[in-house]
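Asks: Dumping the structure here so I can ask a few things about it.
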Amino acid sequence: MEAGEHNTLGQLSFGFHGFFLFWMLTTKGEALAMEDVDTLGCYTCTHACTHTNMQKQKTEGRTKVLLETVPVHKLADIFVASFEISFEEQLSMLDSVDLKVRLSKATELVDRHLQSIRVAEKITQKVEGQLSKSQKEFLLRQQMRAIKEELGDNDDDEDDVAALERKMQSAGMPSNIWKHAQRELRRLKKMQPQQPGYNSSRVYLELLADLPWQKASEEHELDLKAAKEHLDSDHYGLVKVKQRIIEYLAVRKLKPDARGPVLCFVGPPGVGKTSLASSIAAALGRKFVRISLGGVKDEADIRGHRRTYIGSMPGRLIDGLKRVAVCNPVMLLDEIDKTGSDVRGDPASALLEVLDPEQNNAFNDHYLNVPFDLSKVVFVATANRLQPIPPPLLDRMEVIELPGYTPEEKLKIAMRHLIPRVLEQHGLSSELLQIPEAMVKHVIQRYTREAGVRHLERNLAALARAAAVRVAEQEQAVPLSKDVHRLASPLLENRLADGGEVEMEVIPMAVNNHEISSAFRIASPLVVDEAMLEKVLGPPRFDDREAAERVATPGVSVGLVWTAFGGEVQFVEATAMVGKGELHLTGQLGDVIKESAQIALTWVRARATDLKLAASEGISLLEGRDVHIHFPAGAVPKDGPSAGVTLVTALVSLFSQQRMRADTAMTGEMTLRGLVLPVGGVKDKILAAHRCGVKRVILPQRNLKDLVEVPTAVLANMEILLAKRMEDVLEQAFEGGCPWRQHSKL
Ligand code: ADP
């Protein structure tokens, strides 16, 4: 061996010695399965080893001796043999005869072993630290509990869990669900309150305990006569609807577990759909719960979120049942037509399961994760329109249509139901405020134009509020008065200035408060008059002259459309200017109505000569003219084919320069060949025309059958004109017949 080599070997052997000494001192020793147990003594022990200091000192001394006496190359062999190394590594060690190589390999192995021991030690320290922390917490908690027990203060989590368990026991869960709940409860008991998941587990169990698994409203013998009286006292008119409800109740009486159809009330807002449903609940003696489905797009809204989601909760149905706390309520699925579907699933398909009597005895809410029996729930649905309801869902329901009220019906509803209710809600009585029939009529005609009675009720409430201000102020003002007092409200004076009815009263000082109010009540009921209407409700919003003013110029026609709010009168405006023969359409139109406009223009162009429009005043429809058609109320989206005849009439009026009759409105789809096809919503449309003071309505011939649904009182005031072809419509729409007739007469 050369000097250089010696040197290197010396360094290496020194390095190994030093390294080994460091390893020995920094570790508590690893399992060293080696033959030379004697020499290495206590290094065969494990982590759990708890040596006394004396033993440690002995060990250190022995190691020192070992390091000093055993030659380096042997030492390397001894330790490498004690490590857990792979077979290849063992072979490579045996293979290295050269001392330098062997030592360098051994150093590498010792180094690796050292690293792993260090990491293991770090982890052990950490775990020990945590353990001792939780042990400490446990100890403190035990102490706290002992102190609380000593103080007699039992309001801790443990007791809460016990209370929860008691609640769960009395919830009457079916046995399989009880087992599931118990499993969850056992989990909860093992958790610390600070532990993640404790709260969610607890909220879940609370829900299980709160749900009405068995609890039901007591079913009393159904008295059909009383139910009928109840319906009659709550709702005016609606004879057919009430009859159908009575039939429904009669079937339930004869066969309480009958799986009758789900009733679905369809009609514009404010026609009494919700209040009819609550009347059904009252007649059945059951609790009523309303679940609003308007705008529900996520299936999870119906079925709930799985508990793995953060912030997960049950669906609206389960939530509603929890609120109502009985398993057999009347549940109103409000606005079922407003559910949409998107990427988050299809709520309508979840509703299918709910409404299907075959499936709903085991409704599966994702959050609840156990089946819930919905078969005892009486479902009633409401919708504004039928079209958006998916056919399979519609198939499970029996549709009952509520078309809207005539002004006469509204007047009766107002006088019999709305006014008494509004007065009561505002703490008034008929001795304090009187709204004469003529004024209610005025409100119906001039301030509201709706199918239902919601705006009417709101307007009546506004009048009641104004009166309430006066009464409240007067009752306040009297005790402060000295000798005599003028009872007038500055607030109401502002509203009832010039000409408004302002009451002035002289009340003697001596009378007490009660006498004052009764004296006041007898002396001065506030009677609503036109001036007060105008002050409180503002200037009238509608009048009958609107149609006449709108059709004063040629190119405008009056159509009848059907919206979610019932029927409505819709004007169509057309104008022409120099251009390239293009058609411009405005007013937020859908594809179908745009196509109707194209068809209308094509038909008028094709028939221009027949209609003698091309010749009239030298206008040529065929060349060099752009046509613009606008549907006013431009912010409201419109669609549907029923504006066909209205569009043609507007165009004929424009090109013939003849005005359409102001007392006439029309509806009907038109084919390219000029045939008039039937349309939907006839009843609502005729009611709308009636509301707006229209006297004549042009309808497709094939809609004749729909007239039976229109109240006779409305039909008696109107002339219904039936049309088979577009020419029939034009014949009726213009004063003195269709424009071409006039030309042909010339
Ligand atoms: P909808 O659910 O159809 O939108 P609501 O049931 O909320 O309408 O009815 C609105 C208001 O009109 C309620 O106060 C209701 O009592 C009243 N109402 C509607 N129709 C009638 C009627 N035929 N008789 C008495 N009140 C009615």
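Asks: What nm distance separates the two modelled labels at E60 and L254, each placed 7 Å from Cα along Cα→Cβ?
Replies: Spacing of the two 7 Å Cα→Cβ label points: 10.2 nm.
Asks: Give the distance, in whole Å, between the Cα centre of the range 353-429 and the Cα centre of the range 559-589.
Replies: 34
Asks: List the GluC sites (Glu not before Pro) within the range 68-169 that DSSP assigns to loop and that have no more than 16 neighbouring Cβ atoms inside 10 Å.
Replies: Passing both the DSSP loop test and the Cβ count: E84.
Asks: If one computes the Cα centroid of the range 176-240 and of the range 82-102, what distance in Å separates the two points?
Replies: 74
Asks: Among the lysines, which have Cα under 18 Å from the Cα of K100 when same-chain residues fewer than 8 positions away are ignored?
Replies: Candidates past the 8-residue exclusion: K74.
Asks: Still on this structure: Charges at C-beta only: +1 for Lys and Arg, -1 for Asp and Glu. How large is the resulting dipole of the range 159-200 about its Cα centre, in Debye rounded to 20?
Replies: 200
Asks: Then there is this: According to a simple spin-label model (label point 7 Å from Cα along Cα-to-Cβ), what is the distance in nm between E218 and E582?
Replies: So the label points at E582 and E218 sit 7.6 nm apart.
Asks: Which residue, A209, S175, A250, has the largest displacement toward the positive end of the dipole of the range 158-268 when charges sit on each Cβ (Lys, Arg +1; Asp, Glu -1)?
Replies: Going by the charge dipole, the pick is S175.
Asks: A further question on this structure: Using R₀ = 45 Å, calculate the FRET efficiency as 1/(1 + (r/R₀)^6) where r is the Cβ-Cβ separation of Q425 and Q194; round to 0.05.
Replies: Efficiency computed from Cβ-Cβ geometry: 0.35.
Asks: A further question on this structure: Would you please give the residues with an amide H less than 5 Å from that of R290, counting only those at least 5 places away or on a separate chain, with H modeled from the backbone geometry?
Replies: L332
Asks: What's the ranking of 604-613, 585-594, 656-665 by average number of surrounding C-beta atoms within 10 Å, highest first?
Replies: For the peptides 604-613, 585-594, 656-665, the packing ranking is 656-665, 604-613, 585-594.
Asks: Further, regarding this structure: Can you bin the range 522-613 into rounded, prolate or oblate? Criterion: square roots of the alpha carbon gyration tensor eigenvalues sorted a ≥ b ≥ c, rounded for a/c under 1.5, prolate for a/b above b/c, oblate for the rest.
Replies: Prolate, because a/c is 1.5 or more and a/b exceeds b/c.
Asks: L526's amide H: which non-local residues (gap 5+, or another chain) put their own amide H closer than 5 Å, with H modeled 1.01 Å from N in plane and none for Pro or chain starts?
Replies: L433, Q434
Asks: What whole-number value in Å² describes the accessible area per residue of the range 87-143 for a 1.4 Å probe?
Replies: In whole numbers, the range 87-143 has 77 Å² accessible per residue.
Asks: Translational diffusion coefficient of the range 256-323 at 25 °C, 0.890 mPa s, Stokes-Einstein with Kirkwood Rh over Cα pairs, in µm²/s as a whole number.
Replies: 169
Asks: Could I ask something else about it? So if each residue of separation counts as 0.36 nm, and I subtract the Cα-Cα distance between A716 and D639, what length gain in nm does that give?
Replies: 24.6 nm
Asks: Rounded to the nearest 20 debye, what is the charge dipole size of the range 620-746 about its Cα centre when +1 sits on each Lys and Arg Cβ and -1 on each Asp and Glu Cβ?
Replies: 180
Asks: Before anything else, pin down the relative contact order of the range 258-403: Cα pairs under 8 Å, at least 6 apart, normalised by residue count, whole percent.
Replies: 37
Asks: For labels at A163 and I246 in the simple 7 Å Cα→Cβ model, what's the distance in nm?
Replies: 5.0
Asks: Enumerate the calculated ³J(HN,Hα) couplings along the range 65-72 in order (Karplus 6.51 cos²θ - 1.76 cosθ + 1.60, θ = phi - 60°), each rounded to whole Hz, writing x wherever the residue is Gly or Pro.
Replies: 4, 4, 5, 7, 8, 6, x, 4
Asks: Could you tell me which of rounded, prolate or oblate describes the range 302-402, using a ≥ b ≥ c as the square roots of the eigenvalues of the alpha-carbon gyration tensor, with rounded for a/c under 1.5 and, failing that, prolate when a/b is larger than b/c and oblate otherwise?
Replies: Verdict is oblate for the range 302-402.
Asks: Provide the net charge surrounding E457, with neighbours chosen by a C-beta distance below 11 Å and charges set as Lys +1, Arg +1, Asp -1, Glu -1.
Replies: +3
Asks: Follow-up. Any of K683/K724; K253/K685; K228/K297; K242/K695 with alpha carbons more than 27 Å apart? Name them for me.
Replies: K253/K685; K228/K297; K242/K695
Asks: Still on this model: Please find the FRET efficiency linking S92 to R141, where r is the Cβ-Cβ separation and R0 is fixed at 51 Å, and quote it to the nearest 0.05.
Replies: 0.35
Asks: Which length gain, in nm to one decimal place, applies between T575 and V70 when the Cα-Cα distance is subtracted from 0.36 nm times their residue separation?
Replies: 170.3 nm is the gain from fully extending T575 to V70.
Asks: Okay, moving on. How large is the Kirkwood hydrodynamic radius of the range 141-271, counting all unique pairs of alpha carbons, in Å?
Replies: Roughly 19.7 Å, rounded to one decimal.
Asks: How much length, in nm to one decimal, is gained on full extension between D111 and K133, taken as 0.36 nm per residue of separation minus their Cα-Cα distance?
Replies: 4.6 nm
Asks: Here's something else I'd like to know. Could you order D373, D365 by accessible surface area, starting with the largest, using a probe radius of 1.4 Å?
Replies: D373, D365
Asks: Now for a separate question. For a test of the definition: using alpha carbon positions, the gyration tensor, and the 1.5 limit on a/c, classify the range 373-450 as rounded, prolate or oblate.
Replies: Oblate, because a/c is 1.5 or more while a/b does not exceed b/c.
Asks: Once the Cβ-Cβ distance between S201 and S278 is put in as r, and R0 is 35 Å, what FRET efficiency do you end up with, to the nearest 0.05?
Replies: 0.45
Asks: Which whole-number value in Å³ per residue fits the convex hull of the alpha carbons of the range 209-284?
Replies: Measuring per residue, one finds 125 Å³ for the Cα hull of the range 209-284.
Asks: Turning to a different aspect of this structure: Which of S104, V80, V119 sits farthest toward the positive end of the charge dipole of the range 67-121, with +1 on the Cβ of Lys and Arg and -1 on the Cβ of Asp and Glu?
Replies: So the residue we want is S104.
Asks: If you take every residue apart from M577 with its C-beta less than 9 Å away from the C-beta of M577, what net charge results, scoring Lys and Arg +1 and Asp and Glu -1?
Replies: In short, 0.
Asks: In addition: Could you compute the net charge surrounding G294? Neighbours are other residues with a C-beta less than 14 Å from the C-beta of G294; K and R count +1, D and E count -1.
Replies: Net charge around G294: +1.
Asks: Under a Cβ-only charge scheme (Lys and Arg +1, Asp and Glu -1), can you give me the dipole magnitude of the range 93-147 about the Cα centre, in debye to the nearest 20?
Replies: Charge dipole, the range 93-147, about its Cα centre: 380 debye, nearest 20.
The values are calculated or read from the model by the stated rules, or taken from the named source; none is laboratory data. From a predicted model like this one, the values you see are computed outputs, not experimental measurements. Neighbour counts are summed over all protein chains in view; Cβ atoms, including those assigned to glycine, are modelled from backbone coordinates with ideal geometry. Heavy atoms of the whole protein, side chains included, go into the accessibility calculation; ligands, DNA and RNA do not. Shrake-Rupley method; radii C 1.70, N 1.55, O 1.52, S 1.80 Å.
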